[in-house]
Amino acid sequence: MAPAILLGTSGAADRPAGHVDGGVEGGPVEDGLVDRFGRRAVDLRVSLTERCNLRCTYCMPAAGLPFAPDDALMTAAEIERLVHLGASRFGVRKVRFTGGEPMLRHDLVDVIARCAALPDAPELSLTTNAIGLAHRARALRDAGLRRVNVSLDTVDPEVFATVTRRPFLDRVIAGLEAAADAGLDIKVNAVLLRGVNDMLAPDLMRWCLDRGYELRFIEQMPLDPDHAWDRSSMVTAAETRALLAPSFELVPDDAPRDGAPAERFRVLGPGPDGDRTVLGTVGIIASITESFCADCTRTRLTADGHVRSCLFSDDETDVLGPMRSGASDDEVAGLWRRAMWAKPRDHGDDSDDLVHPTRGMSAIGG
């Protein structure tokens, strides 16, 4: 039998939330999604579909991709069962539904309602491009959704069409407005592309601050199925801060990061009387150049029911197949625990030869 992971030993108070002591060979023997390096996964990302109605240049080819058939994807009841396992067995505190574009699931409201009704339900959020959100925001809020993370790289219509290959900026803005009206918390996720929208970063920041949306700048990651990503073309976190510096003063936020991927800053700028004042906050996610792997608290389920312990790893464990073959909750939980025990220490370095996962972002879920 593998030695037990010891909890509450000396020094534990100094570790980020989500960490446990351990790191022994063999595997975990207590409930919880822990790995060999002492991390505990309490944040679950669930992909609902591989399909998307945009064709963002850094995510999907213009012609699209071959997608898994609908009957290969998790049903609402299967998603509910896995979320319940995550919350009840493993202490998952947050669930974010992703894609592809989850708004393309006709049963999205049902998925949210099922998970929100679970005992000790985790906090539920949704990553979306907001196309179609204008018509469903209220129903999603009523079902139990609390936050949307909207992907929006620019508010310039021509640049938006260039990046997404679709002229749908007005629909995205309508979706954001409907989400705000429905009482959903809103974050905006933006990827800066060199020579395309990087010079517009201050404009997007100002647009979000004026509306009370919390902006996140995300380094472009090697998750494109064309494998066209290269380190030299990526706008780094340091460059992003430099792009914002002439217009805004960024002061590091002193709130605990608690395993979150974004480094948060308070944004200072001129107030109504000309004095410097806090205008809001911004986050910068430096997945490549300022890795936060040591504090990672995430576990992922692909739309076809595979556990991924790391966004950049090709290691996957099928849990949907065993579920459909009659596996018990104990058996499924064991598969999930073993998958997370094998989580790699990190995703590599920040060099040009960083390995591209075989699956692209739309298939993995962010």
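The values are calculated or read from the model by the stated rules, or taken from the named source; none is laboratory data. Being a predicted model, the structure only gives us computed values, none of them experimental. Here the Cβ is made from the backbone with ideal geometry for all residues, glycine too, and neighbour counts use every protein chain on show. Ligands, DNA and RNA are stripped out before the accessible areas are found, and what is left, the full protein with its side chains, is counted by its heavy atoms. Shrake-Rupley method; radii C 1.70, N 1.55, O 1.52, S 1.80 Å.
The table below lists the values:
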read-out: By accessible area with a 1.4 Å probe, ligands and nucleic acids excluded, highest first: order of Arg147, Arg51, Arg298, Arg89; value: Arg51, Arg89, Arg147, Arg298
read-out: Full-extension gain in nm, Asp120 to Arg257, via 0.36 nm per residue minus C-alpha separation; value: 47.0 nm
read-out: Relative packing of 241-249, 271-279, which averages over residues the other C-beta atoms within 10 Å, highest first; value: 241-249, 271-279
read-out: Gain on full stretching of the segment that runs from Val278 to Asp181 - 0.36 nm per residue minus C-alpha separation; value: 32.5 nm
read-out: Solvent-accessible area per residue, Å², over the stretch 65-111 with all protein chains present [probe radius 1.4 Å]; value: 40
read-out: Paramagnetic label zone (point 7 Å from Cα along Cα-to-C-beta, Ser247; backbone N under 13 Å) in the stretch 170-197; value: 197
read-out: Length added when fully stretched, Asn53-Ala72, from 0.36 nm per residue minus Cα-Cα; value: 4.9 nm
read-out: For the stretch 52-116, size of Cβ-based charge dipole, Lys and Arg +1, Asp and Glu -1, in debye; value: 400
read-out: Unit charges on C-beta of K, R, D, E only; dipole of the stretch 189-342, Debye; value: 140
read-out: Residues Ala327 and His106, FRET efficiency given R0 of 25 Å [Cβ-Cβ distance, rounded to 0.05]; value: 0.35
read-out: Rough spin-label spacing in nm, given labels placed 7 Å along Cα→Cβ, for Ala161 and Leu268; value: 4.1
read-out: Accessible carbon and sulfur surface of the stretch 119-191 relative to its total accessible area, %, 1.4 Å; value: 46
